Structure formats: C-alpha cells, structure tokens
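Everything on this sheet refers to the single structure shown next.
Nothing in this text is a laboratory measurement; each read-out follows from the coordinates by a stated rule. Keep in mind the model is a prediction, meaning the values are calculated, not measured. Note: ideal-geometry Cβ built from the backbone for every residue, glycine included; neighbour counts use all protein chains shown.
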Amino acid sequence: MLCTPTISATAADAYSSACTTLLEKISLCSTGDKKCVVVVAGGESVHHVLRKAFSAQSNWGNVIFVLADERCLPVGDSQRNDTALLSLIDSHSFESSPQLVSIPAERGPANGSIELENVLRKVGKPNIVMISVADDGHIASLFPLSGHLSATTWSCVITDSPKAPRERVTCSMAYFALATHRIALQTGHNKRDIFVRLQQGERLPLAVFSPTHWFLDSDAAQ
C-alpha cells in the first residue's frame, strides 16, 4: 500500500522535506540513551538528505546506521555503499558521531548474507528505513519480479542482479517492514514511468516496501 506522496517543485525541496521528517523521527526514536536504528540505501538521493541532516545537527551518538545493501566488492572499493557513506560521515564534524554497521559483502554473497543476518539480529528491529527508487524500480538490491521480495529472512543473497556487479547482499523487505517509519525518495524525469506504473497498481518493490513517507519532485510526478 502506498501513502499519499509529498510532491515538491524541485529535488532540493524534496530532499529538504525528507530531511525534516528524518530528523523528527530520529528525535522521537532516540530519547534518553535509547539508540535509533536507521537503515539507509546508497545513492545520491539518500546522501543529499543525509548531508542536509548532518549539517543541521551535530549530535548523532544515539544513531546506528545500517546499510540497506552492499555490492560484493573488496573493502574500500569506490563502488561500495559503505565507502561512500563513510566518506560522507568523515566530511562532517560531529559533537558525537553515528555508528555505521557495514555489510561484509567482500566475503561473497552467501557468507556475507549469513553474517548480515547475525548482525541484524544483534542490532534489532530498525526504527527508520530510508531508500531511493531507481529508474528501473529497484530499491536496495531488490529488483522487480525478484523472488527475494517475499523472503522471510532479514538478509538475502543476490547472485543475479540485473545491474553490475551481479553478486550483492541486501536487507530484505521483511526486515524493512519492521520499521515504524519508512521513507522513500523519488526524484528526476527518469523516475516518472515508475510513478505512473505505481499509480496504476503495479506491484513494484516500492509498493511492497509500503512507505509511510514518500517524497517526490515535480519531474518524477508529471
């Protein structure tokens, strides 16, 4: 089920709205010494929101970031999601820094998925998930028509990704569904077709994700 989207004039406005929502939900979830588990996908849209959020406040000590998915590449590879997120975190000065839970995808999809499952069980249920929608409709490494969309485990082995690299490790829809707050970002003309297909009721990954907050710019919605 899809919530009513918030449609902004520009992508920058959509990211600002998403940033406000993200900070509000983190504040609600991290009262006192309570940790807030925030699952984030890779990609420019999510990083635009995080960059705004990091600039808006400096105390992130109660936040645990968990990556939504990872490519099976060596640690430090420029195409890995954790490399990009660590670089973004390191580019800011914090009063207290967030914790980052990386996915050990460098060990291969099978071993990486087993280890991720164990890590997620220790971290516990997510409070917030923030993902972006790709132009082919995939979120994290969960692609349209994939059997992994109905997985009941918290992590999934991906060996047939339509986009390179083919081998990946991803959190599952079952894990995402545990979050109270699920934020979806969708901006740009190349996302327009996905918006139309979703409005027509197509069971794309975002429909399964069932966002509680859905931010688009006018390019993606017109």
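Of note:
- For the chain, adding -39500 (n - 2.57) for each run of n ≥ 4 DSSP H residues and dividing by the number of residues yields -10000 deg cm²/dmol at 222 nm.
- Partners of LYS34 within straight-line reach, counting aspartates and glutamates whose Cα lies under 20 Å from its Cα and excluding those fewer than 8 residues away in the same chain: GLU24, GLU95.
- Qualifying trypsin sites (Lys or Arg not before Pro) for segment 130-222 [loop in DSSP, other Cβ within 10 Å: at most 15]: LYS163, ARG166, ARG203
- Each label point was placed 7 Å from the Cα along the Cα-to-Cβ direction; for ASP135 and GLU44 their separation is 1.0 nm.
- Debye-formula intensities of the chain, expressed as log10 I(q)/I(0) at q = 0.10, 0.13 Å⁻¹, are -0.40, -0.70 (one equal scatterer per alpha-carbon, no solvent).
- Using a 4.7 Å Cβ-Cβ cutoff, the cysteines of the chain lacking any partner cysteine are CYS3, CYS19, CYS72, CYS156, CYS171.
- For segment 22-144, the relative contact order comes to 32 percent (Cα pairs under 8 Å, sequence separation of at least 6).
- The dipole here belongs to the chain: it is taken about the Cα centre, uses +1 on the Cβ of Lys and Arg and -1 on the Cβ of Asp and Glu, and is about 440 debye.
- Among the listed pairs LYS125/LYS163; LYS25/LYS191; LYS35/LYS125; LYS52/LYS191; LYS52/LYS122, a Cα-Cα separation exceeding 19 Å is found for LYS125/LYS163; LYS25/LYS191; LYS52/LYS191; LYS52/LYS122.
- Modelled label reach - LYS163, point 7 Å along Cα→Cβ, segment 39-61 residues with backbone N closer than 17 Å: 40-49
- Comparing PHE143, PHE94, PHE195 in a Gaussian network model of the chain, where Cα atoms under 10 Å apart are tied by springs, the biggest mean-square fluctuation is seen for PHE94.
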